[in-house]
Amino acid sequence: MSIARIPVEKLNVPTQDVEEKIIELYRRGYSQRAIEKLLGISRKTIRRVLLRHGVEIRVHYKKLDWSKRETIAYLLGVLLGDGYVREGR
């Protein structure tokens, strides 16, 4: 029993030119989703290309700024408590 070889083009392996285009677009600020729509390549493949070339993946959320801990603690206390705030306490 022999196994037929599948041509590389059929495996959805992006060419060097396509990989360079993915990296260029991502560095210009395009999201993985936008690149997916532009080039017709899955986001999984796009992410794999970016990681293979050492490109730092952007996150779509911002980390909480812990420099204002007292304010955050106060607001959490109000939200998780009954919401009652009285002057002078």
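Quick note: the coordinates plus some simple rules give every number you see, no bench work behind them. Small disclaimer: the values here were computed from a predicted structure and weren't measured. Cβ: placed from backbone, ideal geometry, glycine included. Neighbour counts: every protein chain shown.
I'd like the Karplus ³J(HN,Hα) series for the stretch 49-60: coefficients 6.51, -1.76, 1.60, θ = phi - 60°, whole numbers in Hz, and an x wherever there's a Gly or Pro.
Each residue's phi maps through the Karplus curve to give 5, 4, 5, 4, 9, x, 7, 6, 7, 6, 9, 9 Hz.
Residue-wise, which Karplus ³J(HN,Hα) couplings in Hz belong to the stretch 40-48, taking 6.51 cos²θ - 1.76 cosθ + 1.60, θ = phi - 60°, and x for glycine or proline?
These are the phi-based 3J(HN,Hα) values: x, 10, 5, 5, 4, 5, 4, 4, 4 Hz.
How do 13-20, 34-41 rank on mean C-beta neighbours within 10 Å, highest first?
Put in order of decreasing packing, that is 34-41, 13-20.
So which aspartates and glutamates can LYS44 reach, going by Cα to Cα under 20 Å and dropping same-chain residues fewer than 8 places off?
Straight-distance partners of LYS44: GLU9, ASP17, GLU19, GLU20, GLU24, GLU36, GLU56.
For the pair ALA34/ALA73, report the inter-label distance in nm, with labels modelled 7 Å from Cα in the Cβ direction.
Going by the 7 Å Cα→Cβ label model, 4.1 nm.
Taking amide hydrogens as modeled 1.01 Å from N in the peptide plane, which residues meet the under 5 Å criterion relative to VAL55, leaving out close sequence neighbours?
none
What ranking do LEU25, LEU50, LEU80 get, fewest neighbouring Cβ atoms within 10 angstrom at the top?
Taking fewest neighbouring Cβ atoms as first place, the list is LEU80, LEU25, LEU50.
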